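The values are calculated or read from the model by the stated rules, or taken from the named source; none is laboratory data. Predicted model only: the values in this text are computed from it and were never measured. Neighbour counts are summed over all protein chains in view; Cβ atoms, including those assigned to glycine, are modelled from backbone coordinates with ideal geometry. Areas reflect the complete protein model, heavy atoms only, side chains present, ligands, DNA and RNA absent. Shrake-Rupley method; radii C 1.70, N 1.55, O 1.52, S 1.80 Å.
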Amino acid sequence: MTDVSKYFEATKKSILTELASEDYDEVEIIVRCSTDNNKGRTKIKANKYLIVNGEKSKVLKAINHNAYRELFARHHGLKVLQFKVSGENIEAFGNYPSSRDNYGMIEEFNDPEAFLEQQANMYLDAGIDYIATFYLDRLSNFNINPFGAYQKGKRLEVRHAGLDMLVRSNLMFLAVLQCVVPKIGSESKVKVILRKDKPIEIICVDIKTIINDILVDYNFYYGEKYEIDCNVSYREGSYKPVNLIFNGELTLNGEKKELERFPKEDLTILYSSLEQKVDQLRLTIKNGKLSIASNISFPAYNIELLRTNNYNVAADNLHKICEFIESGNEEKMLAAVEAACQLETSKNRIEARYLNYIKAQSLNKGATLFDIRPEMFDKNIQNICSGRFAILHDESIHFGMKNEEETKQIIDFIGANVDQNINVSQFIKSIEGVFSAHDHINESMKSLVATHHIYRQQLAQGFKEEAKLHPNGWWSEACIALSNIKMNTMTIDSTRFYREEKLPYLVEYMSFLLIILSGEKVHIDIYNSQMHELTTLYWMFRPVPSITWFQTRPTYSNYKFAHELSVKYRINNGDLEKLDISKYRN
């Protein structure tokens, strides 16, 4: 007996044994499969209808046979099984077909959205949105919730018995919902929206909507004349992704009492949507408006900083202001910026040190000190020249296992500091002038060396001068490292860079490399990475660094000069070869 017949015959035998004592003409069995998020175990739920004289019974519980579990285990993505029994004959169907175990496709899954619309439409009233909300866990499992009625964004008191009955008793409706909703994604809030004679909508709710839903639900339960002050703490759980601790006060009709109703599911999804960065939230509802504060602010969602400490920073204490800004602690950073802005001289000095970097990080030329964010000053940039994952070393630069945000921080930091200390446009113009004035490279070398020397001295002096402000801070330490670096190797390993439009200081960063590498013979190793554009400045290095492109697409820019270059390159494990410059001429 083959594998196929063995599993199917075992299932058939279990079903017929179960039905032996039943009186029926036909039977329909629907079996749904899910995975327990806490324990990782497969959960099976089986129900059936008995059909006698063409009449279908109410939903009856069926036995969860082990044979079902074995079938689900054999087919990845199989979530629903349907068995149609007529006498000794049994036909099997799934949410997708399989020749492996000889079951077909459940008819309703050919167009699942249309099936949901058709089944629900007769129970809907025009002008009303019927919305069911589902909260998906890490494995995209969820509980089936009833549909609520909404009009113009306001939840209505009315309930529709027919629609409630459909959700409770139509097994195939539930099975289709179970398969359609998880396609949106795990750890999300999904809304299924039904409207009379209109297509169904299945949408993933964004953060702003989650926040608004919290207000809508409280308005539904407490009316309009109420106030809420609620604190929420998030703690990592042993069996759950996160535990929520609530305490709050409700003022209703002038009477204060303990708040007993908390939007636990919304707050859990909010925690996941905010990348699990939040430890504490404070929710305040007053005059019909919801305000949220957190230990980390999220300006895009109007979530303000929850300030728990009263930091007192003197406006003229530049050392303390720098210490707080470079801490990466948002509350300290805001206190430092507020202090600096109280005194014009302090404000100007702090802007000179940090503002270009803030503008680059936020991709906003009009940014101010108040646009500073803790992620701009996180551990990645704090450890730029120290620790296990340092980028700057005495004789090398090493990008290892960095994502786009992390590499952008480094390029923005170096580029912003370079821009502060030299006129980059003037530097490039002078270099291009040397190239344009000479037909042969040897004739241009003396002029290039002199030009590079001038700008290297200017850069080193500027970096060292900047390091005098808060000298023990990581920013100043990085400036000293930039002033002293004598690079002879550069490695980029399993690292990704943004394209030029997200790297406003890429040219300044490349100018820095050009200046410090002048006269040095350097090879650049690039492994399994997504590289940024080398820009036209790459061709102006003397000598031009050779590059190994290992499992990485080369990103040479156009070559616009007349004279020929001898540039070496290697693809993967091949030999060093001479690059054909003609491919890159304008």
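A few points about this structure:
- In the range 63-76, residue most open to solvent (accessible area, probe 1.4 Å) [restricted to those that are closer than 19 Å to residue 171 by Cα and touching a helix residue (DSSP H, G or I) at 6+ places or on another chain (Cβ under 9 Å)]: 63
- Any hit, the range 102-110, residues being under 17 Å from residue 9 (Cα atoms) and either touching a Ser or Thr at 6+ places or on another chain (Cβ under 6 Å) or at pLDDT 95 or above (or both): no
- Within the range 362-396, being among the basic types (Lys, Arg) and modelled with pLDDT under 90 holds for one residue alone: 388.
- Members of the range 279-300 that are hydroxyl-bearing (Ser, Thr, Tyr) and either in contact (Cβ under 8 Å) with a residue 24 or more places away in the chain or assigned to a loop (DSSP other than H, G, I, E, B) (or both): 284, 297
- Where residue 480 falls short, out of the listed (1) in a helix (DSSP H, G or I); (2) under 29 Å from residue 554 (Cβ atoms); (3) among the β-branched types (Val, Ile, Thr): (2)
- Every condition in (1) in contact (Cβ under 8 Å) with a residue 40 or more places away in the chain; (2) in contact with a strand residue (DSSP E or B) (Cβ under 7 Å, 6 or more places away or on another chain); (3) buried (at least 18 other Cβ atoms within 10 Å of the Cβ) holds for residue 155 except the one numbered (3).
- Boolean, residue 202 is open to solvent by 20 Å² or more (accessible area, probe 1.4 Å), among the hydrophobic types (A, V, I, L, M, F, W, C) and within 30 Å of residue 123 (Cα to Cα): yes
- Residues of the range 94-108 that are open to solvent by 40 Å² or more (accessible area, probe 1.4 Å) and over 35 Å from the mean Cα position of the chain (by Cα): 99, 100, 102, 105, 107.
- Annotation: of all residues in the range 109-122 being assigned to a helix (DSSP H, G or I) and open to solvent by 50 Å² or more (accessible area, probe 1.4 Å), the one that is farthest from residue 169 (Cα to Cα) is 110.
- Of all residues in the range 142-152, none are part of a helix (DSSP H, G or I), open to solvent by 30 Å² or more (accessible area, probe 1.4 Å) and among the hydrophobic types (A, V, I, L, M, F, W, C).
- Filter pass, residue 500 being of a type in the set (Asp, Glu), in contact (Cβ under 8 Å) with a residue 40 or more places away in the chain and within 25 Å of residue 355 (Cα to Cα): no
- Restricting attention to the range 228-258, the residues that are buried (at least 16 other Cβ atoms within 10 Å of the Cβ) and more than 33 Å from the chain's Cα centre (by Cα) add up to 2.
- Criterion applied to 291, 272, 233, 297 was being out of contact with any strand residue (DSSP E or B) (no Cβ under 6 Å at 6 or more places or on another chain) and among the hydroxyl-bearing types (Ser, Thr, Tyr), and the one residue passing it is 272.
- Elements of type helices (runs of 4 or more DSSP H) contained in the range 301-420, each with 1 or more residues being within 30 Å of the chain's Cα centre (by Cα), surrounded by fewer than 19 Cβ atoms within 10 Å (Cβ to Cβ) and in contact (Cβ under 8 Å) with a residue 24 or more places away in the chain: 318-325, 379-382
- Test for residue 187: is it touching a Leu at 6+ places or on another chain (Cβ under 7 Å), of a type outside the set (A, V, I, L, M) and more than 22 Å from residue 112 (Cα to Cα): yes
- Residues considered: 436, 444. Of these, the only one that is modelled with pLDDT under 95 and exposed (fewer than 15 other Cβ atoms within 10 Å of the Cβ) is 436.
For every residue, the table says whether it meets (1) in a loop (DSSP other than H, G, I, E, B); (2) within 36 Å of the chain's Cα centre (by Cα); (3) hydroxyl-bearing (Ser, Thr, Tyr); (4) within 17 Å of residue 203 (Cα to Cα).
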position: 125; (1), (2), (3), (4): yes, no, no, no
position: 130; (1), (2), (3), (4): no, yes, yes, yes
position: 134; (1), (2), (3), (4): no, yes, no, yes
position: 166; (1), (2), (3), (4): no, no, no, no
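- Qualifying residue in the range 456-469 (condition: crowded, with 21+ Cβ neighbours inside 10 Å, in contact with a Ser or Thr (Cβ under 6 Å, 6 or more places away or on another chain) and of a type outside the set (Asp, Glu)): yes
- Filter result for residue 84 (surrounded by fewer than 18 Cβ atoms within 10 Å (Cβ to Cβ), modelled with pLDDT under 95, more than 36 Å from the chain's Cα centre (by Cα) and closer than 28 Å to residue 23 by Cα): no
- Conditions (1) closer than 25 Å to residue 223 by Cα; (2) assigned to a loop (DSSP other than H, G, I, E, B); (3) touching a Ser or Thr at 6+ places or on another chain (Cβ under 8 Å); number of the one not met by residue 191: (2)
- Any hit, the range 272-286, residues being at pLDDT below 95, surrounded by fewer than 20 Cβ atoms within 10 Å (Cβ to Cβ) and β-branched (Val, Ile, Thr): no
- Inter-residue pairs, beta-carbon under 6 Å, first within 15 Å of residue 421 (Cα to Cα) and in the range 473-486, second part of a helix (DSSP H, G or I) and acidic (Asp, Glu), 6+ apart: 479/466
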